[in-house]
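Engineer: One structure, pasted below without further comment.
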């Protein structure tokens, strides 16, 4: 049997007296430190959703911004995660920055961004990414990659003289509005630091330490 053991070396520490009163501001501070430390893909996160009857699923997506105290990402509304979030508008996120021995867990409600916000972001993407959003029936069963390549070629020809495509009606943004955030700092002997924020009401948070 293969056993992997990870022992933090020179880990940072985390205490209630160290953290900011606003958990999103605390996240921003850690995120900037991850960027400065050259952590690979610091905006990569695991997004967990569930069906209306509670069957969970998870996948990795990219954080695309912070908006109105929430965490923004984009996807195909007809994908599995899109269908699940529409049926059960709650989700969880996990950021894992191994090089810093840090993890952030976030739970809350999700809602779609406005059409105007989604259009603005979609049309800021490279043309190839815009074409990809049109070409792929995300999460649907297809007979082979040839279908995708044919769709891409047709779109390249259709929009050969244009750099900006219209946004697909089935594509756009979501924002997760957090109700809980937990900051995890790895320490030796598995005595890790865990600081959790629970929303009491809008703009007010209760901060507590959890046992590792």
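Engineer: Can you go through 124, 118, 114 and tell me which one is over 13 Å from the mean Cα position of the chain (by Cα), under 13 Å from residue 175 (Cα atoms) and without any contact (Cβ under 8 Å) to a residue 24 or more places away in the chain? Write out each step before concluding.
Structural biologist: Details: 124 fails: under 13 Å from residue 175 (Cα atoms); 118 fails: without any contact (Cβ under 8 Å) to a residue 24 or more places away in the chain.
Criteria check complete, one pass: 114.
Engineer: Further, regarding this structure: Report, by residue number, each residue of the range 92-116 that is assigned to a helix (DSSP H, G or I) and within 22 Å of residue 74 (Cβ to Cβ).
Structural biologist: Of all residues in the range 92-116, those assigned to a helix (DSSP H, G or I) come to 98-100, 115-116.
Within the range 92-116, 115, 116 qualify.
Engineer: From the list 76, 96, pick out the single residue that is in the same structural domain as residue 200 (by TED's automatic domain parsing), surrounded by 14 or more Cβ atoms within 10 Å (Cβ to Cβ), in contact (Cβ under 8 Å) with a residue 12 or more places away in the chain and closer than 16 Å to residue 181 by Cβ.
Structural biologist: Values: 76 fails: closer than 16 Å to residue 181 by Cβ.
Selected residue: 96, the only one of 76, 96 that is in the same structural domain as residue 200 (by TED's automatic domain parsing), surrounded by 14 or more Cβ atoms within 10 Å (Cβ to Cβ), in contact (Cβ under 8 Å) with a residue 12 or more places away in the chain and closer than 16 Å to residue 181 by Cβ.
Engineer: So which of 114, 118 is in contact with a strand residue (DSSP E or B) (Cβ under 9 Å, 6 or more places away or on another chain), under 22 Å from residue 67 (Cβ atoms) and surrounded by fewer than 17 Cβ atoms within 10 Å (Cβ to Cβ)?
Structural biologist: Details: 118 fails: surrounded by fewer than 17 Cβ atoms within 10 Å (Cβ to Cβ).
Testing whether each residue is in contact with a strand residue (DSSP E or B) (Cβ under 9 Å, 6 or more places away or on another chain), under 22 Å from residue 67 (Cβ atoms) and surrounded by fewer than 17 Cβ atoms within 10 Å (Cβ to Cβ) leaves just 114.
Engineer: In the range 39-73, which residues are outside any strand (DSSP E or B), loosely packed, with under 13 Cβ neighbours inside 10 Å and either without any contact (Cβ under 8 Å) to a residue 60 or more places away in the chain or outside the structural domain of residue 115 (by TED's automatic domain parsing) (or both)? Walk me through how you get there before you give the answer.
Structural biologist: Filtering the range 39-73 down to residues outside any strand (DSSP E or B) leaves 39-43, 51-55, 63-64, 68-69.
Next, only the ones that are loosely packed, with under 13 Cβ neighbours inside 10 Å stay: 40-41, 52-55, 68.
Once the filter is applied, which keeps residues that are outside any strand (DSSP E or B), loosely packed, with under 13 Cβ neighbours inside 10 Å and either without any contact (Cβ under 8 Å) to a residue 60 or more places away in the chain or outside the structural domain of residue 115 (by TED's automatic domain parsing) (or both), the range 39-73 yields 40, 41, 52, 53, 54, 55.
Engineer: Moving on. Among the numbered criteria (1) surrounded by fewer than 19 Cβ atoms within 10 Å (Cβ to Cβ); (2) modelled with pLDDT of 95 or more; (3) closer than 30 Å to residue 29 by Cβ; (4) touching a helix residue (DSSP H, G or I) at 6+ places or on another chain (Cβ under 9 Å), which one does residue 90 miss?
Structural biologist: (4)
Engineer: While we're here: Among residues belonging to the range 127-143 that are under 20 Å from the mean Cα position of the chain (by Cα) and not in a helix (DSSP H, G or I), point out the one that is surrounded by the fewest Cβ atoms within 10 Å (Cβ to Cβ).
Structural biologist: 139
Engineer: With respect to residue 184, determine if the residue is in contact with a helix residue (DSSP H, G or I) (Cβ under 8 Å, 6 or more places away or on another chain) and surrounded by 12 or more Cβ atoms within 10 Å (Cβ to Cβ).
Structural biologist: Working: in contact with a helix residue (DSSP H, G or I) (Cβ under 8 Å, 6 or more places away or on another chain): no; surrounded by 12 or more Cβ atoms within 10 Å (Cβ to Cβ): yes.
Judged against the criteria, residue 184 is not a match.
Engineer: Looking for something in a helix (DSSP H, G or I), in contact (Cβ under 8 Å) with a residue 60 or more places away in the chain and either under 30 Å from residue 20 (Cα atoms) or in the same structural domain as residue 74 (by TED's automatic domain parsing) (or both) - is there at least one such residue anywhere in the range 164-181? Break it down stepwise before answering.
Structural biologist: Here is the first cut: in the range 164-181, the ones in a helix (DSSP H, G or I) are none.
Checked the range 164-181: no residue is in a helix (DSSP H, G or I), in contact (Cβ under 8 Å) with a residue 60 or more places away in the chain and either under 30 Å from residue 20 (Cα atoms) or in the same structural domain as residue 74 (by TED's automatic domain parsing) (or both).
Engineer: Evaluate the following for residue 205: is it in contact with a helix residue (DSSP H, G or I) (Cβ under 9 Å, 6 or more places away or on another chain), assigned by TED's automatic domain parsing to the domain that holds residue 109, touching a residue at least 40 places away in the same chain (Cβ under 8 Å) and more than 25 Å from residue 118 (Cα to Cα)? Outline the logic, then answer.
Structural biologist: Working: in contact with a helix residue (DSSP H, G or I) (Cβ under 9 Å, 6 or more places away or on another chain): yes; assigned by TED's automatic domain parsing to the domain that holds residue 109: yes; touching a residue at least 40 places away in the same chain (Cβ under 8 Å): yes; more than 25 Å from residue 118 (Cα to Cα): yes.
So residue 205 passes the test.
The values are calculated or read from the model by the stated rules, or taken from the named source; none is laboratory data. Predicted, not measured: the structure shown is a model, and the values here were computed from it. Heads up, the Cβs are rebuilt from the backbone with ideal geometry, glycines too, and the neighbour counts pull from every protein chain shown.
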